[in-house]
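The numbers here are math on the coordinates, done by the rules we state, and not lab data. All values derive from a computational prediction rather than experimental measurement. Here the Cβ positions follow ideal geometry from the backbone for every residue, glycine too, while neighbour counts run over all protein chains shown.
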Amino acid sequence: MPQLSRVTIEAEQAMSIKYNTMVYDLQRRGQKVLVMSLGEAFFDIPLLPMDDLPYPAVNHYSHSRGVHELREKLCGYHQDEYGVSIDPDREIVVTAGSKAAIHMTLMSILNPGDEALYPEPAWVSYPEQIKLCYGVPVGVPFGKSIHDFEAYITPKTRAIIINNPHNPRGYVYSEAELEQVLALARKYDLWVLCDEAYSDFLIDGSFTSLAKLDPEKKHAVVFNSMSKNYGISGWRIGYVIGDANLLDNVLKVNQHLITCPATILQYYLTRYFTDLLEITKPQIRDLVCSRARIAKYMDEIGLQYLPGSATFYFFVSIEPSRLSSEEFCTKLLEEEQICVVPGMGYGPSCDRFIRASIGTATLTDNMYGLRKVKELIDKTR
Ligand code: PLP
């Protein structure tokens, strides 16, 4: 066979997608599965009329930075909700999901062999994306705090990646913690890539966008997405906010890889921006309330999880089970038809955990699933 590249051969499949694929296969064979592995929430969202979208513009490529009116709406939203001022002409690029935005930004930052740092548990794609950009992923092991990051910085470090609110912990970083990361960035001249895809999944007002603490965006690069906050993950619309010069480079990558995100969807989002938020916001609120009820339920049955109040995820400890997190999840899927994601997918230091997502099943089913997790821990101790 002609050559395959080392970076793709060595890239790992995303653990969450690997398990979700098993679910799709089981479902195709007619099996009923309780899905607590999906990285999204299912909201009730009507399909709104498309008749008055600008025709024929919807059929054609749009500006590679994204439709201007959509950029204005997004910048207005960040100003109103998070107190961040953004120039829609220079400080934002809209692309096909925030996943692509993070990748394009890493491509614009890293030279081969450069390092990027992130705390574990870490979202499944950070290490692989760094590798795909010929960089070296450096995971700060579970149990270390932001105050320990400095020990992992080397002359090759170019970026720190954080996720706030955090998937899979549901944790929200305090302003003081974000300031601490920015202080490191200033000291060592680093970018801080802050993935804020779950920025609206909390109800206690504790979220601070990193860009608010670095208004000139000298170090802060923020990613966000319509996937989670607007409940339309399949549309693949996300964006990056940051320094104009950095984004000029990201724009070049965007132009060469996708030209622009789907034009019709950008116009649809522009047209219904407020309507969609009015539809999803109350549903997000309900889901976050459910999260609190489920946390209480886990306390009652003695399941331990990492502290957090946001998102629709829990990072649940499987101690003292003797199984690895993959063995645990496979057994749970095979024996109970319940799918959760092995902690190992979030970093080698996270094998004593599983990720449970409560975004797609009912409250009763989620509680049932977690009870089965507890029973399997007890059975395999
Ligand atoms: N960042 C985090 C932390 C996520 O969990 C996800 C999706 O699961 C993404 C980014 C990617 O989202 P998008 O659909 O915008 O590519």
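At a glance:
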| quantity | calculated |
| --- | --- |
| Chain lengthening between D286 and D87 when straightened (0.36 nm per residue, less Cα-Cα) | 68.3 nm |
| Proximal aspartates and glutamates relative to K156, as straight alpha-carbon distance under 12 Å, when same-chain residues fewer than 8 apart are discounted | D114, E115, D189 |
| Likely footprinting exposure, E150, E278, fewest C-beta neighbours within 10 Å first | E278, E150 |
| Relative contact order [Cα under 8 Å, 6+ residues apart], the chain, whole percent | 24 |
| Charge dipole (debye, nearest 20) of segment 1-155; +1 at Cβ of Lys and Arg, -1 at Cβ of Asp and Glu | 700 |
| Charge dipole (debye, nearest 20) of the chain; +1 at Cβ of Lys and Arg, -1 at Cβ of Asp and Glu | 760 |
| Distance in nm between pseudo-label sites at V7 and A262 (7 Å out along the Cβ direction from Cα) | 2.7 |
| Electrostatic dipole magnitude of segment 244-299 [Cβ: Lys, Arg +1; Asp, Glu -1; Cα centre; debye, to 20] | 160 |
| Theoretical gain in end-to-end length, E375 to D248 [0.36 nm per residue, Cα-Cα removed] | 40.4 nm |
| Cβ-derived FRET efficiency at R0 30 Å, D148 paired with E319, nearest 0.05 | 0.85 |
| Gap separating the Cα centres of segment 322-381 and segment 71-141, nearest whole Å | 29 |
| Cβ-based exposure ranking for M344, M226, in which fewest neighbours within 10 Å come first | M344, M226 |
| Entries of K99/K218; K281/K374; K144/K379; K18/K99; K18/K217 with Cα pairs more than 25 Å apart | K281/K374; K144/K379; K18/K217 |
| Likely footprinting exposure, D286, D243, D214, fewest C-beta neighbours within 10 Å first | D286, D243, D214 |
| Gyration tensor (alpha-carbon) shape descriptor, segment 1-152, a/c threshold 1.5 | oblate |
